[in-house]
Each structure stands twice: as structure tokens, then as C-alpha cells.
Amino acid sequence: MILAVLFSNSEGNILVERFNGIPAEERLHWRSFLVKLGADNLKGVKNEELLVASHKSVYIVYTVLGDVSVYVVGKDEYDELALAEVIFVITSAVKDVCGKPPTERLFLDKYGKICLSLDEIVWKGYLEHTDKDTIRRLVRLKPPTEF
């Protein structure tokens with residue numbers, strides 16, 4: 001199961017988060033842990049260079065995409081190799097929505113479409129759609145929502 005997908009800015013502020021199967025009282029711990037993990041290890045990392053960690057019998061794959069850090073946490077069948085595929089699909093979708101690796105400003109400008117894309121990629125803790133054209137088509141079919 002994919003337990004969490006988080007995006008943060010370079011200061012460690014969470015921009016988007018999706019949790020699956022993690023109790024509400026543990027989410028703060030995971031936010032803090034992931035942001036600290038990124039602060040300790042992502043400086044100087046190239047765009048989309050994957051880093052891997054494990055914590056409490058789960059796997060974490062994380063990277064930098066433009067000015068944004070991306071973290072994916074999984075367990076069981078979602079080991080580091082499966083999570084590498086998940087994070088590749090997510091980063092590809094974000095670049096597709098933004099047109100390039102995003103600055104924080106561009107990421108926030110495209111927040112709605114990024115969230116819709118993320119919801120099509122990961123559904124209830126499982127990788128659902130991986131094809132860029134399918135994701136793009138499904139996002140276009142969704143009615144606009146107020147944020």
C-alpha cells in the first residue's frame with residue numbers, strides 16, 4: 001500500500017499531502033520525519049535523482065523536482081522499486097501539468113490540476129493510472145472545483 005505522498009517546498013512547508021492507512025495521530029510524525037529527511041539529504045541532489053530510505057518497516061523514495069520535494073511512502077508490495085515507478089509517474093504528471101519542473105509559484109498556480117492528477121495516479125493507497133494520456137484525459141473530464 002502507498003501510505004503517503006507529500007510535496008514540500010525548500011523551506012519544508014507541506015504543499016500537498018495524501019495519506020492512506022496512516023492514523024491521524026501519526027501524520028504529524030510522518031510530516032516532520034519526511035521534511036527532516038529531505039532537509040538532511042536533498043541539498044545538492046539533481047532533479048529527479050531518487051533517494052531511498054526505510055523507517056518502521058516501510059520504504060520511502062524521495063526526490064527534488066524544480067523547487068519542490070516529492071516523497072512517497074509505501075509498505076508491503078510497494079517496496080523501493082515499486083515506489084520508484086510511482087514517483088516517476090507522479091513527477092511526470094507534475095511536469096506535464098506545469099510544462100517543466102516547477103518553481104514553487106508555478107506549482108501553487110497549478111495546484112488544482114496537480115491534485116486531480118495525483119488523485120488519478122494513486123487511489124486508496126494503490127497505483128491506479130500510469131499512462132500520461134489517460135491521466136490527462138481523466139483530469140479534463142473532472143468538473144472544476146472550488147478550492
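Below is a table of values for the structure above.
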item: Residue identified as more than 14 Å from the chain's Cα centre (by Cα) and open to solvent by 20 Å² or more (accessible area, probe 1.4 Å) among Asp96, Asp119; result: Asp96
item: Single residue of the stretch 36-49 satisfying the filter (under 14 Å from Phe88 (Cβ atoms) and not polar (S, T, N, Q)) that is surrounded by the most Cβ atoms within 10 Å (Cβ to Cβ); result: Glu48
item: The stretch 1-35 - residue that is in a helix (DSSP H, G or I) and within 23 Å of Val94 (Cα to Cα) and, of those, most open to solvent (accessible area, probe 1.4 Å); result: Arg31
item: Residue in the stretch 50-66 that is out of contact with any Asp or Glu (no Cβ under 9 Å at 6 or more places or on another chain) and open to solvent by 80 Å² or more (accessible area, probe 1.4 Å) present; result: yes
item: Hey, Arg18 under 23 Å from Lys132 (Cβ atoms), in contact with a strand residue (DSSP E or B) (Cβ under 6 Å, 6 or more places away or on another chain) and either charged (D, E, K, R) or at pLDDT below 90 (or both) or not; result: yes
item: Residues (without any contact (Cβ under 8 Å) to a residue 40 or more places away in the chain, closer than 26 Å to Thr134 by Cα and among the charged types (D, E, K, R)) located in the stretch 44-76; result: Glu49
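The values are calculated or read from the model by the stated rules, or taken from the named source; none is laboratory data. These numbers were taken from a predicted model, which means no experiment stands behind them. Quick reminder, even Gly has a Cβ in these numbers, built from the backbone with ideal geometry, and neighbours come from all protein chains shown. Only protein heavy atoms, including side chains, enter the accessible area calculation; ligands, DNA and RNA are left aside. Shrake-Rupley method; radii C 1.70, N 1.55, O 1.52, S 1.80 Å.
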